[in-house]
Amino acid sequence: MKKYSILYSIVVLGFSCTEKSEFNSYFQLANSSEYNKAMELVSLNILEYPLDSSLRFSTNSIGVTNIEGKEYLSFLDTELETLVIFEYQDSKKSRKIQFQYEGPNGVGNSTSSAHYLHSFDSIYIFHHWTGVLLHMTDSGKIINRYKLTDYDDPANLPMPFPTTTTPILFSQGKLFIPCTITKYQNDYHSYPSSLSLDLNTRKIKYLSTFPEIYSNAYWGSKFKYEPSIAYNSITDELVVSYPVDHFLQNINLKTRKVSQHYVGSEYFDAIPPFKYDVSHYLTRTKGTGDQEEDDHGMSNSDYRGIYYDNSRNLYYRIALIRSPLEKLSITKVPDFSIIILNANFEKWGEHYFSSQVYDPSKVFLSSKGINIFR
C-alpha cells in the first residue's frame, strides 16, 4: 500500500524579535529583503494518508474543508475520476466517490480538472478545457452545469484556472475563481483575472483585471499569466497575486476600490520580461514552441499562490525560486519560499523550502496552518 506524507506547518503567533523602449521592472528593498522579522514557520508534525492500489494520485486539486465543525482533506484523482475524502486528523477514516466518464452524469476527461468540496453531497468540479463547472452529489449525479467561459466566443473570454495553489474559494453563496488568458493580448488593462459565480442567480461577475505591468512587456510562458487569489471575509476584499508582479492587488468588493501593496522576496529582485515588446507573440509561428522562451520562464523566479488565514488574520505568499539556466538540466522543479504578511500586508517573515523535500505545487491551508506535501 502506497503512502504519501504531508508536512503540516503552522505560523507561530509570537514575536522573535533595443526592442520597444524598456520599462523599469520595479523593485525595492523595503518589504522584500528589509522587513521586521516577527514570525517564523515551524513544523508541527507529519501525517500520512494511505492510498490503496486503485489510486494513482494523479491530481492538481487538493484542499481542506470544514464540514459541520470537522475538517476533511480531499483530492481529485483526475485519471480515475475519483474524489477521495479523508478525515483530516484521522487518515484511517476515508471515503471515495466514483464519477462516471460518459452518460448523463459523465464528467468526461478530467485530467486537467480542479474541485471544491462544499459538503459531502455538494461537490464542484471545474473542467479547464470545456469551461464548464459541474455541481455533483456524492452519488456522482450532476445537479447543475455552469458555463463559465466559451472558448469559441470572439470576445476572447478568460479561462478560469483553479489548481491546488490557486483554489476555488467560497463565501456567502458565491464561488471565487482565478482566471488566466485564453490568448495573448496587446493590451491587458481590461482583461479579467478572476470571477465570482453566484450559485443562486448563476450570474458571473469579473472581479479584477491584469495590472499595468502585463501591458508593458511580453512575459513568455503561459504560466507567467496565471494569477492566484485570496479572499478576506472580514473586510470583503479580494487579494490577487500575479506571477511577475511584486505588488499584490487588493480589491474591496463593496466599494470596488483597488489598492496595491509591494511584497517582495528576499531571494530574488526585479523580474525581467522575456521581451519588452508586448506584441512579440505575433512573431511566433502558430503551433510551434520556443526553447528560448521556455528556458526564460523556467530560469526566472516568480510568484505562485496567495492565501488568507482567517484564524490568524495573516496572508501567505509563495515565491518560486527558480534555478539559473545552467542548472535547469539538473532539476526544473524550483525551490520556494513562503512569505508571511500581517493584515496590512507588512512582511513579518519568509521561510525557504527545498524542492528536493517539498512540493511547491501542493500547498494549501487548514486550521492548523500551512500544509505542504513531502
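The values are calculated or read from the model by the stated rules, or taken from the named source; none is laboratory data. Keep in mind the model is a prediction, meaning the values are calculated, not measured. FYI the Cβ positions are ideal-geometry reconstructions off the backbone, even for glycines, and counts take in every protein chain you see. Areas reflect the complete protein model, heavy atoms only, side chains present, ligands, DNA and RNA absent. Shrake-Rupley method; radii C 1.70, N 1.55, O 1.52, S 1.80 Å.
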Along the positive direction of the dipole of the chain (beta-carbon charges: Lys, Arg +1; Asp, Glu -1; about the Cα centre), which of PRO273, TRP129, VAL258 reaches farthest? TRP129
Of the listed peptides 146-154, 257-265, what is their order by residue-averaged count of other C-beta atoms within 10 Å, with the highest listed first? 257-265, 146-154
Distances over 23 Å make up what percent of all Cα-Cα pairs in the stretch 228-374? 43 percent
Spin-label model distance (nm) - HIS189 vs TYR352, 7 Å beyond Cα toward Cβ: 4.2 nm
Cα-centre dipole for the stretch 42-195 with unit charges at Cβ (Lys and Arg positive, Asp and Glu negative), debye to 20: 140 debye
Nothing charged except the Cβ atoms of Lys and Arg (+1) and of Asp and Glu (-1): what's the magnitude of the dipole of the stretch 232-374 about its Cα centre? Round to the nearest 20 debye. 540 debye
Over the stretch 247-312, calculate the relative contact order: mean separation of alpha carbon pairs under 8 Å at least 6 apart, over the residue count, as a percent. 24 percent
Give me the dipole magnitude in Debye, nearest 20, for the chain about the Cα centre, with unit charges on the beta carbon: positive for Lys and Arg, negative for Asp and Glu. 840 debye
Given a 1.4 Å probe and the protein chains all in place, what does the accessible area of ASP359 round to, in Å² to the nearest 10? 40 Å²
In vacuum, with every alpha carbon of the stretch 86-138 counted as one equal point scatterer, what does the Debye formula give for log10 I(q)/I(0) at q = 0.16, 0.24 Å⁻¹? Two decimals, please. -0.53, -0.99
Estimated Rh, the stretch 55-181: Kirkwood, alpha-carbon pairs, angstrom: 14.9 Å
Starting from the Cα gyration tensor of the stretch 106-174, take the square roots of the eigenvalues, sort them a ≥ b ≥ c, and report rounded, prolate or oblate (rounded when a/c is under 1.5, otherwise prolate if a/b is larger than b/c, else oblate). prolate
Solvent-accessible area of HIS351, probe 1.4 Å, all protein chains present, reported in Å² to the nearest ten, please. 60 Å²
If only Cα atoms are counted, what is the Rg of the chain, and what is its Dmax, in Å? 20.3, 61
As a test of reading the structure, rank MET136, MET159, MET298 by solvent-accessible area (1.4 Å probe, protein chains only), most first. MET298, MET159, MET136
Where a Cα-Cα gap under 19 Å defines reach, which aspartates and glutamates qualify for LYS37, not counting those fewer than 8 residues away within the same chain? GLU266, ASP269, ASP309, GLU346, GLU350
Hey, how many Å between the Cα centroid of the stretch 208-286 and the Cα centroid of the stretch 91-121? 32 Å
Go through PHE223, PHE210 and list them by solvent-accessible area, largest first, probe radius 1.4 Å. PHE223, PHE210
Roughly how much of ARG312 is accessible, in Å² to the nearest 10, using a 1.4 Å probe? 40 Å²
Lysine pairs meeting the criterion (Cα under 21 Å, 8 or more apart or interchain), as found in the stretch 119-265: 14
With an 8 Å Cα cut-off and a minimum separation of 6 or more residues, compute the relative contact order for the stretch 216-291 in percent. 32 percent
Low-density loop GluC sites (Glu not before Pro), the stretch 40-103, at most 10 other Cβ within 10 Å, DSSP non-H/G/I/E/B, are GLU68, GLU102
